[in-house]
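See structure below.
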């Protein structure tokens, strides 16, 4: 059952790039993101209220949601939507799979207990070679819009990586769906004024297909996907759940080719193999580090003297 949920999650997140590509052809990027986050926040809070969950009041939590809403919501969603105006949805899905690699790099500099190892360096190098192989033909022809589109997707990966490091300890122990709802809400607060001021979407008239894709992106690709993600975290562990990284780009590439008739040139498959190999090396080392950390903690607990109450 857990494996089935994992494949469902990977399929949903893989379709997100397809839906973004459809919507952004008729709706400006920030307006797309505002609608996505607004509807997702409304649906998530409604669901939580029906479950009897309370809206958090602590200023500390909302300050954290303000950061994650920017770095894990408004900013990367906008970068992906903007980038997909100029590149294929499959390419966007593939470039977005570099998030774990950037997480490893940033964790080395921003944390004290997550340093580079030989495997992490090798995995990072493979990932960058894969990205370079994707971008070189465009760079060789000069800096064009497609190059900026690819860089925007890479930027979204960096934003996700920073957000994961920031939230790792600060949201530990908090109800995950409440944290997701808070993140969606703050992301919406950021992006709505920018959409209204810059894009002025007052006279938009998207097609029914774009509207359906927009709603599906918000409800299925955001609310339902996060729900499945956190169910998997509770039923298994973070190591199992993050293997969805290998499913998303494959689904994204296949859906783009089958539905949008995007061309799958050979370099895509070579880059896919390099990037996923890099992610595999990074993840393998991460799993080993977690196991060693848990073993040390268990040994410390077992070796500590047992205190008795002498009263």
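No lab work stands behind these numbers, since they all come straight from the coordinates. Nothing here was measured: the structure is a model prediction, and the numbers come from that model. A quick note on method: Cβ atoms are made from the backbone with ideal geometry, for glycine too, and the neighbour counts reach across all protein chains shown.
Quick notes on this one:
- Under 13 Å from the residue 260 label point (7 Å along Cα→beta-carbon), backbone N, region 3-38: 14-27
- With Cα atoms, 0 to 90° folded angle of helix 145-170 axis to the chain main axis: 20
- For the Cα trace of region 43-82, dividing Rg by the Kirkwood Rh returns an Rg/Rh value of 1.11.
- Per-residue extension of 0.36 nm, minus the Cα-Cα distance of residue 270 and residue 194, leaves a gain of 23.5 nm for this segment.
- Those residues of region 1-24 whose amide nitrogen sits under 15 Å from the label point placed on residue 236, 7 Å along Cα→Cβ: 1-13
- Helical content alone sets the calculated 222 nm signal of the chain at -24500 deg cm²/dmol, taking -39,500 (n - 2.57) per DSSP H segment of four or more residues and averaging over every residue.
- Rg/Rg_globular for region 1-80, with Rg_globular taken as 2.2 N^0.38 Å and Rg from C-alpha atoms: 1.31
- Reported value for the chain: 172 Å³ per residue, from the convex hull of its C-alpha atoms.
- Here r is the Cβ-Cβ distance between residue 1 and residue 67 and R0 is 45 Å; the resulting FRET efficiency, rounded to 0.05, is 0.85.
- Three-way shape label, region 161-280, alpha-carbon gyration tensor, a/c 1.5: oblate
- Ranked 7, 102, criterion: other C-beta atoms within 10 Å, fewest first: 7, 102
- Rounded tilt (10° steps) of 266-303 against the dominant C-alpha axis of the chain: 20
- Order of 63, 81 under a 10 Å beta carbon neighbour criterion, fewest first: 63, 81
- Percent of C-alpha pairs per 5 Å bin, region 171-226, short to long: 4, 15, 16, 21, 21, 13, 6, 3, 1
- Taking other Cβ atoms within 10 Å as a rough exposure proxy, 205, 159 sort from fewest to most as 205, 159.
- 22 Å tail of the calculated P(r), region 76-189, as % of Cα pairs: 43
- Taking the inverse of the mean reciprocal distance over all distinct Cα pairs, the Kirkwood hydrodynamic radius of region 143-204 comes to 14.4 Å.
- Förster-model FRET efficiency, 25 Å R0, residue 174 and residue 109, C-beta, rounded to 0.05: 0.45
- Cα gyration tensor shape for region 1-143, rounded if a/c is under 1.5, else prolate or oblate: oblate
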